[in-house]
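Report on the following structure.
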There are 2 protein chains.
Amino acid sequence: MTGLPDQARIAKRLEALWQIRLGPGGGADRPAFSSAEAEAMLLAAGWAREAGLEPGLDVHGNLWALPPKWTGGLVSSGSHLDTVPDGGRYDGALGTVLGLELADELREGTDAGARPALLVCVAEEAPRFRAGTIGSRLLAGTLAPGALTELRDAAGTSAAEAQARFREQLDELATLEPPLARLRAHVEIHVAQRRALRQIGVVTRVAAPRRFEIEVRGQAGHAGEVSMEDRHDALAAAAEIVLAIEVAARSEPPETVATVGSLAVAPGALSVIPSSARLGVDVRAISAPSLDRLEAAIRTAASDVASRRGVESGIRLLRAGDPTAMDAGLAQAALEAARHQGIAATETWSGAGHDAQHLAALAPTLLLFVPLEGGESHTPAEGADETDIAGAALVAREVLTALG
Amino acid sequence: MTGLPDQARIAKRLEALWQIRLGPGGGADRPAFSSAEAEAMLLAAGWAREAGLEPGLDVHGNLWALPPKWTGGLVSSGSHLDTVPDGGRYDGALGTVLGLELADELREGTDAGARPALLVCVAEEAPRFRAGTIGSRLLAGTLAPGALTELRDAAGTSAAEAQARFREQLDELATLEPPLARLRAHVEIHVAQRRALRQIGVVTRVAAPRRFEIEVRGQAGHAGEVSMEDRHDALAAAAEIVLAIEVAARSEPPETVATVGSLAVAPGALSVIPSSARLGVDVRAISAPSLDRLEAAIRTAASDVASRRGVESGIRLLRAGDPTAMDAGLAQAALEAARHQGIAATETWSGAGHDAQHLAALAPTLLLFVPLEGGESHTPAEGADETDIAGAALVAREVLTALG
């Protein structure tokens with residue numbers, strides 16, 4: 001085996017991706033299904049050819065690069081190339097360029113005769129369409145293609161329109177059928193998004209978000225003319241619900257979290273008692289019973305607060321989500337490979353969503369985290385250490401080499 | 001004395017004002033400094049001529065109607081003619097048409113030889129420019145004309161531009177100097193805005209709002225990747241502050257109230273822990289010590305919550321306000337006049353702001369409330385009973401007649 005990875009090549013490719021488009025905050029700016037994401041895909045397609053692979057696009061817009069004329073088993077690797085607004089240098093991009101390194105390294109095939117492939121999933125980041133991991137969910141069949149007409153960005157463009165334009169921009173690439181039946185394993189390497197992780201993370205569980213909208217309807221009134229006693233203030237009720245959600249999440253294991261990320265108040269005038277409040281709630285856990293308990297506690301809190309305050313509350317599931325288990329055999333093999341090569345690694349979990357958790361339904365999948373250097377994720381300051389990057393690649397190579 | 005008031009004329013005039021412009025919700029729609037408010041002013045100017053008065057506009061846009069060639073004392077009456085969006089039939093309009101009735105009735109002068117005048121203050125309602133009682137505050141000198149360039153509506157038009165256009169639309173009216181030195185007394189009759197008031201209200205104190213913006217700055221983070229323990233969630237801190245404000249207001253006398261009417265969360269995404277929250281707070285009391293205690297409690301709560309949660313908080317005074325005392329002698333006279341005429345009346349207070357509280361700095365001022373029939377204020381369903389309307393007018397007439 002040759003030395004892996006080629007740090008200079010990785011750095012050069014990350015820089016080329018970074019330079020495609022910078023946002024106002026100086027970070028990488030390649031929104032889902034944008035022309036910047038398409039340009040990044042073309043760069044990766046060119047690099048795949050250098051690794052002896054033939055690139056092509058599936059009907060969803062995912063980039064595949066496959067060994068030419070090969071009809072046998074495949075071990076794929078890769079991540080995504082879109083970013084959040086003003087995102088970092090490593091998120092998605094790192095796993096893609098390391099997928100190329102692995103493909104180059106495994107040209108001759110694995111011990112059991114499988115060949116390497118690159119898979120770059122499209123539209124992984126949620127900000128543009130308020131829905132993430134679009135490409136991998138379409139591939140896994142857990143997102144219906146028809147749903148893309150309902151997802152719209154801030155300018156009113158639907159994800160379906162954006163996807164069609166994206167594919168047009170990449171029409172120089174052949175269209176191919178996803179080689180799902182030939183997939184023996186998939187590996188995604190990704191920068192961690194939790195500061196606390198200080199070594200290579202081998203992910204065993206991923207906490208898919210379960211999301212709710214809670215609406216509280218109280219009674220508007222003149223801020224000066226309704227006594228405190230006579231009020232049915234929707235915002236005060238919402239504030240109690242926010243705090244009850246926090247208390248409920250704190251009583252669960254530390255991997256279980258709940259976030260009220262948005263709160264809209266109407267009418268929103270200083271002189272009017274709020275008549276309604278709408279809360280956006282995101283809950284995550286790596287244990288399904290913990291997630292279910294937390295959901296039940298939130299439902300109870302909303303209804304108790306409402307009845308005590310004489311307001312109405314409704315709760316609507318925006319997105320169902322359950323914890324996903326990653327392939328236990330691959331995770332075990334990764335921990336052994338790390339120990340064997342003297343690389344510090346630990347079993348861990350992901351609170352953030354990743355393409356790997358959806359691809360896990362299609363093939364045994366390994367998700368490896370590279371610790372964040374500096375501790376910032378999804379910002380221009382995102383960093384990762386060269387030794388950690390090399391470590392993750394070496395672990396992945398050993399795991400894939402043994403497969404077929 | 002002739003019979004007062006002329007219910008048919010009042011109803012006809014209220015209907016004429018109502019028909020000027022209706023909003024999408026079917027209510028009166030005459031925003032501050034709008035062409036609809038100008039049209040209403042022109043109607044009132046015409047009616048003032050029927051009552052033997054000569055109308056004119058002061059430099060601020062307030063409508064005055066004065067006895068021609070008269071240089072002696074004046075007793076003025078009136079209210080305003082603008083409305084909130086989709087407002088009611090009575091708010092402002094009632095006090096204006098009753099001012100016309102009083103002017104008609106007192107043509108011959110008061111017992112002490114003063115003559116009646118009409119004063120219709122411009123731009124009383126706050127929604128358009130987020131600042132109310134503009135005309136009366138300009139008159140009282142508590143709002144600087146220069147401040148109007150800073151107030152902007154949702155379309156970006158400044159109050160100064162709107163005021164200039166408003167005056168152009170009324171250029172058929174003479175410009176006059178406000179006859180402040182000749183003002184012996186002013187009376188404003190207004191529909192109540194508190195449901196609980198069930199008889200004529202003689203207002204002795206008005207609770208001017210004191211307003212604050214509280215900003216909480218926490219730390220953003222991925223909703224799935226920061227444990228509950230490690231969070232500095234700006235919204236959770238803001239929720240505690242909302243509830244602490246409610247508790248503090250509840251421990252004060254029933255006339256003291258506090259409202260958090262707006263709450264803006266950033267970044268406002270479901271997958272991101274809120275990094276900042278901005279609360280708009282309105283506090284009111286008819287007792288200055290109670291108001292000061294409440295403000296101190298709010299400041300303490302914001303700083304305690306912030307330090308306990310490791311977030312920062314700042315509090316900014318948006319508008320200073322202190323309770324205003326209305327003229328005690330006029331209030332006493334009104335209560336006696338009511339008793340004397342067998343009209344049910346009670347001493348009361350106002351939690352809402354009114355032009356009368358600002359005019360009180362210029363002349364002894366009486367503010368009378370007509371109970372709301374049906375209990376809705378600032379909506380198309382706002383109602384008032386004919387007997388109550390007549391009662392308020394009769395009380396005002398007796399008080400003004402005795403003056404000079």
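The values are calculated or read from the model by the stated rules, or taken from the named source; none is laboratory data. Computed from a prediction, not measured in an experiment: that's the story for all the values here. FYI the Cβ positions are ideal-geometry reconstructions off the backbone, even for glycines, and counts take in every protein chain you see. Accessible surface is based on the protein model in full, side chains and every heavy atom, while ligands, DNA and RNA are left aside. Shrake-Rupley method; radii C 1.70, N 1.55, O 1.52, S 1.80 Å.
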Sorted by chain and number, the residues with a modelled amide H under 5 Å from that of B:G221, at a separation of 5 or more or across chains, are B:I273
Can you name the residue in chain B whose Cβ lies closest to the B-to-A rotation axis, and give that gap in whole Å?
B:A239, 2
at B:P145 the sorted inter-copy label distances (label 7 Å from Cα on Cβ side), in nanometres, are 6.9
Taking only protein heavy atoms and a 1.4 Å probe, what accessible area per residue, in Å², does region B:1-126 have with all protein chains in place?
32 Å²
Quick one: with label points 7 Å out along Cα→Cβ, list the inter-copy distances for B:G329 in nm, shortest first?
10.0
Loop by DSSP (not H, G, I, E, B), at most 13 other beta-carbon atoms within 10 Å: where is the longest site-free stretch of chain A for GluC sites (Glu not before Pro)?
A:173-404
Residue-wise, which Karplus ³J(HN,Hα) couplings in Hz belong to region B:395-400, taking 6.51 cos²θ - 1.76 cosθ + 1.60, θ = phi - 60°, and x for glycine or proline?
5, 4, 4, 5, 5, 5
Here, A:T71 and A:D385, labelled 7 Å along Cα→Cβ, have an inter-label distance in nm of 4.8 nm
Give me, ordered by chain and number, the residues 5 or more places off B:R205 or on other chains with an amide H under 5 Å from its own placed amide H.
B:M326, B:S350
Bin all alpha-carbon pair distances of region A:1-144 at 10 Å intervals from 0 and give each bin's fraction as a whole percent.
13, 42, 33, 11, 1
Measuring from a point 7 Å past the Cα of A:E376 along Cα-to-C-beta, which residues in region A:9-27 have an amide N at less than 12 Å?
A:25-27
Here, B:A266 and A:R49, labelled 7 Å along Cα→Cβ, have an inter-label distance in nm of 4.6 nm
Only four residue types carry charge here, +1 at the Cβ of Lys and Arg and -1 at the Cβ of Asp and Glu. Report the dipole size of the protein assembly as shown about the Cα centre in Debye, rounded to the nearest 20.
380 debye
Karplus (6.51, -1.76, 1.60) ³J(HN,Hα), θ = phi - 60°, over region A:22-31, in Hz, Gly and Pro reported as x
10, x, x, x, x, x, 5, 9, 10, x
Please work out the ratio of the alpha-carbon Rg of region A:208-319 to 2.2 N^0.38 Å and round it to two decimals.
1.12
Nearest 10 degrees, 0 to 90: what angle lies between the long axis of helix B:7-18 and the longest principal axis of chain B (Cα atoms)?
40 degrees
Tell me the Rg and the Dmax, in Å, that the Cα atoms of chain A produce.
23.1, 80
Rounded to two decimals, what is Rg over Rh for the protein assembly as shown when you use alpha-carbon atoms and the Kirkwood radius?
1.14
Extend 7 Å from the Cα of A:L42 along its Cα-to-C-beta direction; within region A:147-169, residues with backbone N under 20 Å of that point are A:162-169
Rounded to the nearest 0.05, FRET efficiency between A:A328 and B:L318 (Cβ-Cβ, R0 60 Å) equals 0.55
Under 15 Å from a point 7 Å along the Cα-to-Cβ line of A:E172: which residues of region A:41-59 have their amide N that close?
A:41-50, A:55-57
Distances over 25 Å make up what percent of all Cα-Cα pairs in region B:268-404?
50 percent
Applying the Karplus parametrisation 6.51 cos²θ - 1.76 cosθ + 1.60 with θ = phi - 60° to the phi angles of region A:377-382, what ³J(HN,Hα) value in whole Hz is obtained for each residue in order, glycine and proline being reported as x?
10, 6, 9, x, 7, 3
Roughly how compact is region A:166-266, stated as its Cα Rg over 2.2 N^0.38 Å to two decimals?
1.88
May I ask for the accessible area buried between chains B and A, both sides summed, probe 1.4 Å, to the nearest 100 Å²?
4000 Å²
If I model a spin label at A:E161 and B:E108 as a point 7 Å from the Cα along the Cα→Cβ vector, what separation in nanometres do I get?
7.5 nm
Suppose every K and R has +1 on its Cβ and every D and E has -1 on its Cβ; what is the size of the dipole of region B:208-319 about the Cα centre, in Debye to the nearest 20?
340 debye
Would you kindly give the portion of the calculated P(r) for region B:278-342 that falls above 20 Å, as a percent of all Cα pairs?
52 percent
Pseudo-label separations to other copies for B:G375 - Cα-to-Cβ vector, 7 Å, nm
5.4
Per the helix-only calculation at 222 nm, which mean residue ellipticity applies to chain A, given -39500 (n - 2.57) for every DSSP H run of n ≥ 4 and division by its residues, nearest 500 deg cm²/dmol?
-10500 deg cm²/dmol
If you take the alpha carbon radius of gyration of region A:1-79 and divide it by 2.2 N^0.38 Å, what ratio comes out, to two decimals?
1.25
Please state the charge dipole magnitude for region A:151-258, taken about the Cα centre, from unit charges on C-beta atoms (+1 on K and R, -1 on D and E), reported in debye and rounded to the nearest 20.
760 debye
Using amide H atoms built 1.01 Å from N in the peptide plane, name the residues 5+ places from A:L372, or on other chains, whose amide H lies under 5 Å from its own.
A:A192
